[in-house]
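Have a look at the structure below, then the notes.
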Ligand SMILES: [Zn+2]
């Protein structure tokens, strides 16, 4: 076992030492490392370029009954930028200090990609085979929305031939003993409302000015926000997932201190749960603009069609398999709607049962933060957790 643990930690450190960091990520070194590990596991490795410089690496462990729906173990190769001066240890050196590996990507989510492979190494060594084919995929660009990553990959013939039934991807670390599973995510809308009105000397009291319209819209938005917060505080089981959020993120306008501006543009970020009617939400925005006095035009930057949540009831054999694994492992988890956007939405869109799960508990959430780390024990324990979850998913019926 010690030898296997050393291989796992060495592979993780090597992967973390590759600075696959935005912007303009060079994925070559990641691809080479994954090809080496795949070869070491005696598994075929394929590399598909969904766009120039945007590789997807697919490692395949073929099942005894390849006609069945397969299992996809997904992770992304890219990481978010670092502010090196804030780090205690260099973010791409993967130093081990007091039993923790410090590096960008140690939680989000290079550890998980390696855990999948090391769990498979152990299962293979023990002589296991499964009826469902298992694919381990490494995708680019998740941290910039996945448009040139998973979004394109699910549209390829290669992906269609994989016949994926269920997938695993990341969730978040938890400070508690229990883990967190995501089964859906909020829909993200980002838009700018261009509020127009009469312009003139700053001393005048003109009617229906851009400033008054902005005031009305901000009042409406923040009243709605307060009401949503109130719903959340009244529901002890709900952290954040089942309510909508709205925040004003930008305000621009004006030319000079003594001139009433012709236009003020305000931008918003909204996250809407799939249980809300998107149509009602849009109508509410139009209503606000009308009440503000008109001449308020909404320009959408991001407005995707809502994606159905993955069912988490008895009807879903993959969910039953996941729960069986958790029971065997005696681990506790809670289920949530993810408040951000992740690659799982592209998979759900094409009918895959997608679950977000990160086997990182009793650990502060340091994704996208400095001094990101994962405990060695936590990392190695995660391999054992995946061993069970993969076994159950790959035999689900
Ligand atoms: Zn991530």
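The values are calculated or read from the model by the stated rules, or taken from the named source; none is laboratory data. Every value quoted in this text rests on a predicted model; they were computed, and no experiment measured them. Cβ: placed from backbone, ideal geometry, glycine included. Neighbour counts: every protein chain shown.
A few notes on this one:
- For the stretch 73-93, the set of residues classified as away from the ligand (no atom under 16 Å from the Cβ) and in contact with a strand residue (DSSP E or B) (Cβ under 6 Å, 6 or more places away or on another chain) consists of 89 only.
- Taking the numbered list (1) part of a loop (DSSP other than H, G, I, E, B); (2) at pLDDT 95 or above; (3) loosely packed, with under 12 Cβ neighbours inside 10 Å in turn, residue 226 passes all entries but (1).
- Residue 210 being touching a helix residue (DSSP H, G or I) at 6+ places or on another chain (Cβ under 8 Å), buried (at least 17 other Cβ atoms within 10 Å of the Cβ) and at pLDDT 95 or above: no
- Residue 156 vs. criteria surrounded by fewer than 16 Cβ atoms within 10 Å (Cβ to Cβ), more than 30 Å from residue 286 (Cα to Cα) and touching a residue at least 60 places away in the same chain (Cβ under 8 Å): yes
- Here residue 88 qualifies as part of a loop (DSSP other than H, G, I, E, B) and either under 15 Å from residue 120 (Cβ atoms) or touching a residue at least 24 places away in the same chain (Cβ under 8 Å) (or both).
- Hits in the stretch 184-198 - residues which are modelled with pLDDT of 95 or more, part of a loop (DSSP other than H, G, I, E, B) and out of contact with any helix residue (DSSP H, G or I) (no Cβ under 8 Å at 6 or more places or on another chain): 198
- Filter result for residue 98 (farther than 28 Å from residue 322 by Cα and assigned by TED's automatic domain parsing to the domain that holds residue 374): yes
- For the residues 363, 335, the requirement of being outside the structural domain of residue 12 (by TED's automatic domain parsing) and within 25 Å of residue 384 (Cβ to Cβ) singles out 335.
- Candidates 172, 139, filtered to the one that is modelled with pLDDT under 95, surrounded by 15 or more Cβ atoms within 10 Å (Cβ to Cβ) and within 14 Å of the ligand (Cβ to nearest atom): 172
- Restricting attention to the stretch 303-315, the residues that are buried (at least 17 other Cβ atoms within 10 Å of the Cβ) and free of Cβ contacts under 8 Å to residues at least 40 places away in the same chain add up to 0.
- Counting only residues that are part of a strand (DSSP E or B) and either touching a helix residue (DSSP H, G or I) at 6+ places or on another chain (Cβ under 6 Å) or without any contact (Cβ under 8 Å) to a residue 24 or more places away in the chain (or both), the stretch 26-55 holds 6 of them.
- Between 178, 212, the distinction of being in contact (Cβ under 8 Å) with a residue 24 or more places away in the chain and under 34 Å from the mean Cα position of the chain (by Cα) belongs to 178 only.
- Look at the stretch 134-147: where a residue is free of Cβ contacts under 8 Å to residues at least 12 places away in the same chain, no partner that is in a strand (DSSP E or B) and away from the ligand (no atom under 14 Å from the Cβ) sits 6+ places away or on another chain with Cβ atoms under 7 Å.
- Test: residue in the stretch 188-203 that is within 16 Å of the ligand (Cβ to nearest atom) and touching a residue at least 24 places away in the same chain (Cβ under 8 Å): yes
- Residue-level check: of (1) away from the ligand (no atom under 16 Å from the Cβ); (2) under 23 Å from the mean Cα position of the chain (by Cα); (3) touching a residue at least 40 places away in the same chain (Cβ under 8 Å); (4) in a loop (DSSP other than H, G, I, E, B), residue 130 misses just (2).
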